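The values are calculated or read from the model by the stated rules, or taken from the named source; none is laboratory data. Predicted model, so just to flag it, every value in this text is computed and none were measured. Note that we place each Cβ from the backbone using ideal geometry, even for glycine, and neighbour counts take in every protein chain shown.
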Amino acid sequence: MRLGGMDRFAAVAVIALMASACDSGNRTWSEEVALDDGSVITIDRHVEQLMSSAIGGSAFSATETTSTLAFRGGLAELPRWNVPLMPLVLYRDSESAEWVIVATSTTCEVWYRRGMPESHYWEFRLRGTEWIEVPVAETSFGRRTNLLFEYAQPLPAKHITLSAKAQLNSGDQLEMFRVVQRGVRACPPLVGR
């Protein structure tokens, strides 16, 4: 079957639209983070996402393929966190003195692949020179997000202040991104589980 001029143009236009529905979102920035003790530190972040949406802009999806967090200044000797998830909370546990990162994902495929935790979050603790994944601790539940999680769109600056982060994170996101919650069911269970 041969395509005529208009048919060929329509086919090329549909292919171009489909190709533009998938995009890579690479972001690199520094951000200020308010800690429990009232101090503010600066960290460096880098995220690479596979972003896609249906033609027309509905059903947007962004999956982190790379996500790193590195400390600066007096904390620069601490190892870089490097896990393809969306970190939401960074704090220092007052009892153990361990640095803690609580992360999540916006896609069910990642949740399924990573064992479908009941709370839809993963916790990492800095032990020695390694970030170790552990069950989400009681001290993490109820914590408000202190990291930038609204980065699917291009960022307005290379350095994100506390006030800029508050504005960027003020959209219509689910509460599970704003506060670490128990029993969040953001995805349906797999059939047969």
Among the residues of segment 164-176, are any within 18 Å of GLN49 (Cβ to Cβ), polar (S, T, N, Q), surrounded by 10 or more Cβ atoms within 10 Å (Cβ to Cβ) and in contact (Cβ under 8 Å) with a residue 24 or more places away in the chain? yes
When restricted to ARG125, ARG113, the only residue touching an Asp or Glu at 6+ places or on another chain (Cβ under 7 Å), of a type in the set (D, E, K, R) and farther than 11 Å from LEU88 by Cβ is ARG125
Quick one: how many residues across segment 150-167 are within 15 Å of ALA34 (Cβ to Cβ) and among the hydrophobic types (A, V, I, L, M, F, W, C)? 4
Per-region count, segment 135-193, residues out of contact with any strand residue (DSSP E or B) (no Cβ under 8 Å at 6 or more places or on another chain) and either of a type in the set (A, V, I, L, M, F, W, C) or on the phi > 0 side of the Ramachandran plot (or both): 11
Which of the following residues is of a type outside the set (Ser, Thr, Tyr), at pLDDT 95 or above and within 23 Å of ARG185 (Cβ to Cβ): ALA103, ALA97? ALA103
Residue check, ILE132 against (1) among the β-branched types (Val, Ile, Thr); (2) without any contact (Cβ under 8 Å) to a residue 40 or more places away in the chain; (3) in contact with a Leu (Cβ under 6 Å, 6 or more places away or on another chain), all met but one. Which one? (3)
For segment 170-192, check the following and say yes or no: at least one residue is of a type in the set (Phe, Trp, Tyr) and in a loop (DSSP other than H, G, I, E, B). no
Picking from ALA152, ALA186, ALA137, which residue would you name as being more than 22 Å from THR65 (Cα to Cα) and either in contact (Cβ under 8 Å) with a residue 12 or more places away in the chain or of a type outside the set (Phe, Trp, Tyr) (or both)? ALA137
Return only the number of the condition from (1) modelled with pLDDT under 50; (2) exposed (fewer than 13 other Cβ atoms within 10 Å of the Cβ); (3) among the aliphatic types (A, V, I, L, M); (4) closer than 30 Å to ARG113 by Cα that ILE55 does not satisfy. (1)
Considering only residues of segment 58-83 that are polar (S, T, N, Q) and over 25 Å from ARG125 (Cβ atoms), which is modelled with the lowest pLDDT? SER58
